[in-house]
Structure formats: structure tokens, C-alpha cells
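Trainee: Got a structure for you, written out below as C-alpha cells; questions coming shortly.
The values are calculated or read from the model by the stated rules, or taken from the named source; none is laboratory data. What you are looking at is a predicted structure, and each value in this text was computed from that prediction instead of being measured. Virtual Cβ from ideal backbone geometry, glycine too; neighbours counted across all protein chains shown. Accessible surface areas use protein heavy atoms only, side chains included; no ligands, DNA or RNA. Shrake-Rupley method; radii C 1.70, N 1.55, O 1.52, S 1.80 Å.
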Amino acid sequence: MNKITAPATSTLKVPESPEPLEHPMKDYLRTERFPHIWCSTCGIGTVLTAFIAGLQKSGLDRDKVAVVSGIGCSGRAAGYLRLDSFHSTHGRAIPFATGLALGNPELKVAIISGDGDIAAIGGNHFIHAARRNMNLTVICINNFNYAMTGGQAGPTTPQEANASTAPYGAYEYPFNLPYLAESCGAVYVARWTSLHVRRATKAIAEALVKPGFSFIEVIAPCPTLYARRNRLGTGLDLMRFYHDTAKIQHGANTKDIDIEYQKEIIVGKFVDKDKTDFFTNRNSFLQNKLGDKYIPYKGTK
Amino acid sequence: MKADPIGVATGNHFIDGDHACGEGAIAAGCRFLAGYPITPSTEVAERIAERFPKVGGMFIQMEDEIASMAAIIGAAWGGPKVMTVTSGPGFSLMMENIGLAVMLETPCVVVNVQRGGPSTGLPPLTAQADMMQARWGSHGDYEIIALCPNSPQECFDLTITAFNLAETWRVPVMFMMDECVGHMTEKVVIPEADQIEIVPRNFYKGKKEDYRPFNFSGSGEIAPMIKAGEGYNIHITGLTHDERGYPALDAEAQDKNVRHLVDKILKNEEKIRLLEEDQIDDAEVIVISYGITSRVSQKAVQDARAAGIKVGTIRLIVVWPFPEKLIRKLASKVKAFIVPEINLGQISLEVERYAAGKAITIHVPHAGGWVHDPNDILKAIKKGVK
């Protein structure tokens, strides 16, 4: 990083500053791409930090971990990670990741993307990947709106919340994403906010080593659009709100954890069950049916 | 290199074009197929679903064609050669991610067994009306390669060619069958594996820190690929990017990136070119056709020759990139080009454009559902020679 110096024409004296510290996660970040695009007090960076910490904690070989993002603010997450990282098309991170995971079965593939990307345009892929129990970890950063395009309403916008395409407030019923994930067959389902860094980190570490389809929703502040339009203050104010209103309830029935506008948010680990994952199921099924004729797909050399 | 014998069903077969295409893919080394059922292409996926578990391949039926296209791109970056199969409406759904494959320079084969459109159109009946969509159906400037087989045998042979071209140029190759060719059953000879030449993926072998997933230098070289999971820690994006694969959102980067995508195909048109010429040395008119229509044209050309008309034929096998230089050259030697095709004017307009008024272009259209009456082509030949 460059040291701050005063322009040659300036009469101001800049005090000698110590060498800037290196980012503690620099080995996992493409720091050459900094500054990143996210706004001050946006929650996405925190989720990225939790992801890196969770990955370190998981014990997985980082070279065997790939990350796929879709499009949007959260869709930029892959681009800052020094892993094999793919920035795909809007809504298609999950099928892209499905192909990647199947193409190289040695890989653990995670998806980091937003609520619009995963639950609206990508909703069909989400439910089918969960149904298949595909070997994927989906981390959905939910900031209740389409932020990259200027704060439009989406399928997670709570009723009454204001958005640029819901100028009188949103009136549609929003998705309860953990309920959707569980009902489609996800074997691991959790919800945290970007305030719960330690718990989100643990959830990510657990999800990454869990065979099959795991899903973590992380509620995150969008200070520039969602918070500003709804006069909720800065990201910091929303963190305070999470602190005051989020209630940890492990094992809660996902049916009961709808998110209402500025009301209590139930967080926790809701589902952690065992069900044979896509790969194991396919292999044992075909082995059983075809016997010696079956040649398992093992990727390319 | 030679084909892996495990995937080569050597022998004489009596199968349709769809099945032959599936066998061609396996022989070419394709080991990943994601698809969604749609008439009249489903038999390709059915063949693969039956054969892949016995040759170490991975078949997955996705939730739609959008997912199928996205999945094959993801899979390709995991190492294998990949393909998807569809028809009209499904081809439309694939368009956005075909653009992604172009942008990521991901080798893949997209089979479109053409049927009548627009919309649901004529599901079980033939057409050749997706030729322009194959070229530019996704948004933005780009070029792809498209091939048109005219027999089950070619569905086998040219599927292998399609994979070889995809790997050589790191580009999606559109395998533009039509319903007639797809459902026509004929003898298909599958040779021994050591008689089949295949182009393997060009994997990077150098130092990790020196790797660049793209080469925009204009040298004509195509950057080698890596597969995810080997510690290269690459980043790949559908955004306009630099040679490292990092987003670069300005006019200068756009120029480098997009020019490369276009130039690598257009500047190599003569290397990619694949066509058949017949009796063009003394020809006064030339019939230009492709796919099933080339076989219907044969009858018209035979009848015209028997009537003493000097007519030749060009059968386009690679339709995109278009053999622009060849048409320009021939336009000053002949009176007319006759272009029958099962659409209301697609390739004929390309011919007309490159003929540039030096020879007339007579289009013989057909809206689809059936092939031409050879007499209609014969009439056009007679008109052209006047």
C-alpha cells in the first residue's frame, strides 16, 4: 500500500505514519483489486471475512475450494477471493457451480450471492440444487433489495419496506429462505446476521464440510439504499438493530421464522441432518444397477 | 491425439442422426453433458444417459436449458470436454449463457436440432431457421463457429470436428442439425479409435504465478486453460476483463477483449473453413446449401446438369464463420447463386452481401415443416442461368 504524503504544493504537514498493517487475510484476498466496490458499513465485506475465517476453520485444502457468484453487489464477492473464483451470470451461479462441482468432483464449491440472484432470478436453480442434495454450500447475503441497480424491491423485501420499485412500500409476501431451503431438501440450514460474525463463521465452517446441499442466509445492511430509503440510519444503526432484535433459536421450525419489517429476526442453526449427497447417491445407485459395467466419473487427469 | 477406445463404439450401426451425434461426442472425449428434454433433440441426451455411466461420463438432466448451458460452462472449468443438446425454444433460453461461454472463452459444443419456429412452432418438424440466432443470438459483439451436418454419418464425424474446433479456438461451437438429419436413420460407420483424431484440452503447464487465462496480444495465440482445483486461484468473470481475467470496465479494455473474441474467429476463417465444392469450374450458377437442404438440392442439380445447364454446388459444412472471401471470388465468375434453405432468408442474405451485386442471389425460401420440392430449386437454377 502507498504511504499517505502531502502533495508537493501543500503547506500542510502530514505526520509520519507507521507502515500500514497488512490485511490479516491477505493470502485469501486479491488485494491488488482493492479498493473494493462495497459502500462504507455495507455488510457484504463482513460475510466475506466470515467466509475466509470459516474456510480456514473447516480444514479444507483451499486449492480444492472454488467460489461462484452471480450478479449484484454480493455477486462481486468471488472476485475478491484468492481462490478459484467465478463470476457468472445473473441467477445462474448455482447451475454454474453444479457443473463445476460435477466436472471436478475433488472440488468443494461454494456460492456467495445475493437474495435477488439466488431467490428471484435464480430461484428455480436453488430449489433444484437443494432437491438433488447437490454438493454445494450456498451463502445468500440478504440485504432485502437489489442494491447494485439502485434499491429495487425483490422477493425478500419485507412488506411495508420502501424500495425504488415499491415507492409506496412493498406489498408482496416475501420468501422465508430457510423454510424454502429446508422444504426442498437442504441438509444444513442456518440464518445469521452480519453482526453474528463468530457464529456465521462457525456455520460456514460446518456447512463447507457437510456433504450435500447446505444453505446459510446472512442478513446484511445496505446502508446506501435499503437503509437510506427507509430512514433506518447507517449500517452501524442496523447492526445495533440486529443486536437488539435478533433472537438466537437453534432448531426453530423454519415455518415460523418469517422476517417482518423491522421486527424480531430469528437466527440460528435450524437444520443439520444427514441424507446421502448427490455424488454418493449416484455412484452407489449406478454401481448397484450396472455392476462391473459402471465406470464412475472421476474428473479429468 | 487419438480417441480413447473406451468411448468409441467401433462398427457399422444403423442409427439416426441424434444417436450418431451422441456417439460422436463420446468418441470425441466428451464426458460431461447437461441437458433438458426437448423435441427433436432428446434422443441425443437419451443416448448419452445410457452410455455415459459405462464410459466414465457425467450426465445430468438440469431443471431447464438456462441451467444446462450454465452447468456445461462450469463443468468445462472443472476439466472435462462438455456438451449440451437442445432445440429451438431451449436454444433461445441458452442465449445469455452462450454469451458467457464466449466471454470466458470456454470450449463447449451446443447441439441445436432445428425445428420450426418461432415460439413452440413445429416441435417434430424440420427447419433451418436458427442460423442467425446461432451466430448472434446473445447480446454484444462476438463470433462463434457453427457446423451443419447433412447425414447421420456426418452427425458422428462432425460432432468430433465440433469438439476439436471448440478446443482449438476456445469457443462455443454450435452444432446445427435439423430435424430431418436428426431423425433420419442411415448406416453410420464408426472407425477404430486409432483412426479418430481428437484435439485434447490445451492445459497450461508453466509456473502458477505466470498464468494468464486470456491472451489479447493480437498474436493469434489462444491462451491455454487450467482446471479449477489445481491451485492456480484464477478469477474468471463475464464482465469485460483483462488477460488476468480481472474486471476492466473501460473502453480500452472493451476494445481489446471484444476484438480478440471476434478476430480469433474471423481472421482464421480459412483455417476453420469446411465445405464441399462440386462442378464449380465451369459453373454459370452455383447452388449454395447446407444441412438437409444440400441433399434435396442434389436432385435439382442432377436434373439441371441433365438439361445441359452448367450448375455447380457449394455445400457449407462450417456455416459460421462464413466463407466470405470465397463468395467474393466466385461472384465475379458466375451469373447467380441459388440459395435454398428452410427459412425465409438468412444465409441467402449473407451470400447476397458478399456477392455485392457482381452476381445475383436467388433465394429459395421454405417456412419449414418439410423439405423443398427439388423442382423449386430447379426453377431457380433455370432463372439464374438466363
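Trainee: Given a Förster radius of 45 Å and the C-beta distance between residue A:260 and residue B:251 as r, what FRET efficiency does 1/(1 + (r/R0)^6) yield to the nearest 0.05? Could you put the intermediate results ahead of the total?
Mentor: Values: r = 46 Å, r/R0 = 1.03.
Taking R0 as 45 Å, the efficiency between residue A:260 and residue B:251 is 0.45.
Trainee: State the antiparallel share, in %, of DSSP beta bridges confined to the range A:47-183, rounding to the nearest 5. Before the final figure, lay out each step's value.
Mentor: Details: 2 of 16 bridges.
Beta bridges within the range A:47-183, antiparallel portion: roughly 10 percent.
Trainee: Place +1 on the Cβ of every Lys and Arg and -1 on the Cβ of every Asp and Glu in chain B, take the dipole about the Cα centre, and give the residue among B:15, B:317, B:298 whose Cα lies farthest towards its positive end.
Mentor: B:298
Trainee: Here is a follow-up. What angle, in degrees between 0 and 90 and rounded to the nearest 10, separates the Cα long axis of helix B:292-306 from the longest principal axis of the Cα atoms of chain B?
Mentor: 30 degrees
Trainee: Find the relative contact order for the range B:259-386 and round it to a whole percent, using C-alpha pairs within less than 8 Å whose residues are 6+ positions apart.
Mentor: On the way: 229 pairs, mean separation 36.6, N = 128.
The value is 29 percent.
Trainee: Then there is this: Can you tell me how the range B:253-386 classifies by the Cα gyration tensor, rounded, prolate or oblate, using a/c under 1.5 as the rounded cut? Could you put the intermediate results ahead of the total?
Mentor: On the way: a/c = 2.21, a/b = 1.73, b/c = 1.28.
It is prolate, given that a/c is not under 1.5 and a/b is the larger ratio.
Trainee: Can you say what percent of the DSSP beta bridges in the range B:109-231, counting only those with both residues inside, are antiparallel? Round to 5. Could the numbers behind the result be given before it?
Mentor: Numbers: 2 of 12 bridges.
If I count the DSSP bridges inside the range B:109-231, around 15 percent turn out antiparallel.
Trainee: Cα centroids of the range B:3-69 and the range B:158-230: how far apart, whole angstrom?
Mentor: With the range B:3-69 and the range B:158-230 each reduced to a Cα centre, they are spaced 16 Å.
Trainee: Nearest 100 Å² is fine: how much accessible area is buried between B and A, summed over both sides, with a 1.4 Å probe? Working shown, then result.
Mentor: Working: alone 15720 and 15500 Å², together 27520 Å².
Between B and A, the summed buried area is about 3700 Å².
Trainee: Can I ask one more? Are there cysteines in chain B with no second cysteine's Cβ under 4.7 Å away, and if so, which?
Mentor: Among the cysteines of chain B, those whose Cβ sits 4.7 Å or more from every other are B:30, B:108, B:148, B:180.
Trainee: Quick check on packing: order B:39-47, B:227-235 by the mean number of other C-beta atoms within 10 Å, highest mean leading. Before the final figure, lay out the partial values.
Mentor: Details: B:39-47: 23.6, B:227-235: 21.6.
So the peptides B:39-47, B:227-235, ranked by packing, come out B:39-47, B:227-235.
Trainee: As a test question: what accessible area, to the nearest 10 Å², does residue A:41 have when a 1.4 Å probe is rolled over all protein chains in place?
Mentor: Spelled out: residue A:41, probe radius 1.4 Å, area about 60 Å².
Trainee: Check residue A:266: other-chain or 5+ apart residues with amide H under 5 Å from its amide H, H built from backbone geometry?
Mentor: A:247
Trainee: At a 1.4 Å probe radius, which order do B:325, B:310, B:81 fall into by accessible area, largest first?
Mentor: From most exposed to least exposed: B:325, B:310, B:81.
Trainee: Could you give me the ³J(HN,Hα) list for the range B:374-386, computed from phi with Karplus coefficients 6.51, -1.76, 1.60 and θ = phi - 60°, whole Hz, x at Gly and Pro?
Mentor: x, 5, 5, 6, 4, 4, 5, 4, 5, 5, x, 7, 5
Trainee: For residue A:64, what accessible surface area do you get with a 1.4 Å probe? Give it in Å², rounded to 10.
Mentor: Around 60 Å² of this residue is reachable by solvent.
Trainee: Quick one: net charge of residue B:89's neighbours, Cβ under 13 Å, K/R +1, D/E -1?
Mentor: Numbers: positive: B:115; negative: B:64, B:65, B:130.
For residues surrounding residue B:89, the net value is -2.
Trainee: Once neighbouring chains are kept in place and the probe is 1.4 Å, which whole percent of the accessible area of chain B is contributed by carbon and sulfur?
Mentor: On the way: 7120 of 13840 Å².
Carbon and sulfur: 51 percent of the exposed surface of chain B.
Trainee: For the range B:315-386 and the range A:267-301, compute the distance between their C-alpha centroids and round to whole Å.
Mentor: Between the Cα centre of the range B:315-386 and that of the range A:267-301, the gap is 52 Å.
Trainee: Aspartates and glutamates within cross-link reach of residue A:289: Cα-Cα under 16 Å, excluding same-chain residues under 8 positions apart?
Mentor: B:50
Trainee: Any idea of residue B:60's accessible area? Nearest 10 Å², probe 1.4 Å.
Mentor: So the heavy atoms of residue B:60 present about 10 Å² to solvent.
Trainee: Same structure again: On the accessible surface of the range A:142-242, probed at 1.4 Å, how many percent belong to carbon and sulfur atoms?
Mentor: For the range A:142-242, the apolar C and S fraction of the accessible surface comes to 56 percent.
Trainee: Considering only Cα-Cα distances, which of the following residue pairs are longer than 19 Å: A:26/B:227; B:54/B:81; A:275/B:227; A:202/A:273; B:227/B:271? Don't skip to the end; give the middle numbers.
Mentor: Working: A:26/B:227 24 Å; B:54/B:81 17 Å; A:275/B:227 29 Å; A:202/A:273 17 Å; B:227/B:271 27 Å.
With Cα atoms farther than 19 Å apart: A:26/B:227; A:275/B:227; B:227/B:271.
Trainee: In terms of solvent-accessible area of protein heavy atoms at a 1.4 angstrom probe, what is the ranking of B:315, A:229, A:62, highest value first?
Mentor: Details: B:315 20, A:229 85, A:62 50 Å².
Listed by decreasing accessible area, they come as A:229, A:62, B:315.
Trainee: Under a crude label model (7 Å from the Cα following the beta-carbon direction), how far is residue B:219 from residue A:61 in nanometres?
Mentor: Result for the modelled spin labels: 3.2 nm.
Trainee: Work the Kirkwood hydrodynamic radius out for the range B:179-259: mean of 1/r over every pair of different alpha-carbon atoms, inverted, in Å.
Mentor: Numbers: mean 1/r = 0.0617 Å⁻¹.
With all distinct Cα pairs of the range B:179-259 included, I get 16.2 Å.
Trainee: Over what distance in Å are the Cα centres of the range B:105-145 and the range A:145-202 separated?
Mentor: Here the answer is 37 Å between Cα centres.
Trainee: With chain B treated as a Gaussian network of Cα nodes joined by springs under 10 Å, which of B:104, B:266, B:275 yields the largest mean-square fluctuation?
Mentor: Its mean-square fluctuation being the largest, the pick is B:275.
Trainee: Expressed as a rounded percentage, what relative contact order does chain B have, with Cα pairs under 8 Å and six or more residues apart?
Mentor: Result for chain B is 17 percent.
Trainee: For residue B:312, what residues show an amide H to amide H distance below 5 Å, using hydrogens built from the backbone and excluding near sequence neighbours?
Mentor: B:284, B:285, B:286, B:287
Trainee: Take every DSSP beta bridge whose two residues both sit in the protein assembly as shown, then give the antiparallel share in percent to the nearest 5.
Mentor: On the way: 23 of 92 bridges.
The antiparallel fraction comes to roughly 25 percent.
Trainee: What residues qualify as long-range amide H neighbours of residue B:15, i.e. H under 5 Å apart, gap of 5 or more or another chain, H built at 1.01 Å from N?
Mentor: Counting only residues 5 or more places away or on other chains, the set is B:186, B:188.
Trainee: If you look at just the Cα atoms of chain A, how large are its Rg and its Dmax in Å?
Mentor: My reading of the Cα-based Rg and Dmax gives 20.7, 82 Å.
Trainee: Still on this structure, please answer the following. May I ask you to work out the translational diffusion coefficient for chain B at 4 °C, viscosity 1.567 mPa s, via Stokes-Einstein with Rh from the Kirkwood sum over Cα pairs, reported in whole µm²/s? It would help to have the intermediate numbers written out before the result.
Mentor: On the way: Rh = 21.3 Å.
Reported coefficient: 61 µm²/s.
Trainee: Please check: in the Gaussian network model of chain A (C-alpha springs, under 10 Å), which one of A:266, A:141, A:37 has the largest mean-square fluctuation.
Mentor: Its mean-square fluctuation being the largest, the pick is A:37.
Trainee: Which residue, A:248, A:94, A:71, has the most motion in a Gaussian network model of chain A that connects Cα atoms within less than 10 Å?
Mentor: Evaluated over chain A, the most mobile residue of the options is A:248.
Trainee: Residue by residue, what Karplus-based ³J(HN,Hα) values in Hz, rounded to whole numbers, does the range B:365-371 have, using 6.51, -1.76 and 1.60 with θ = phi - 60° and x for Gly and Pro?
Mentor: x, 7, 7, x, x, 7, 8
Trainee: Okay, next question. Read phi for every residue in the range B:244-255 and hand back ³J(HN,Hα) as whole Hz from Karplus 6.51 cos²θ - 1.76 cosθ + 1.60, θ = phi - 60°, with x for Gly and Pro.
Mentor: With coefficients 6.51, -1.76 and 1.60, one gets 6, x, 7, x, 9, 9, 8, 5, 5, 5, 4, 4 Hz.
Trainee: Less than 14 Å from a label point 7 Å out along the Cα-to-Cβ axis of residue A:281: which backbone N atoms in the range A:106-138 qualify, by residue?
Mentor: Inside the label zone: A:127-136.
Trainee: Give me the accessible area per residue for the protein assembly as shown, probe 1.4 Å, as a whole number in Å².
Mentor: Heavy-atom SASA per residue in the protein assembly as shown reads 40 Å².
Trainee: Let me ask you something else. Can you sort B:1, B:176 by solvent-accessible area, 1.4 Å probe, largest first? Don't jump to the answer; show the numbers that get you there.
Mentor: Values: B:1 120, B:176 0 Å².
These residues rank, largest area first, as B:1, B:176.
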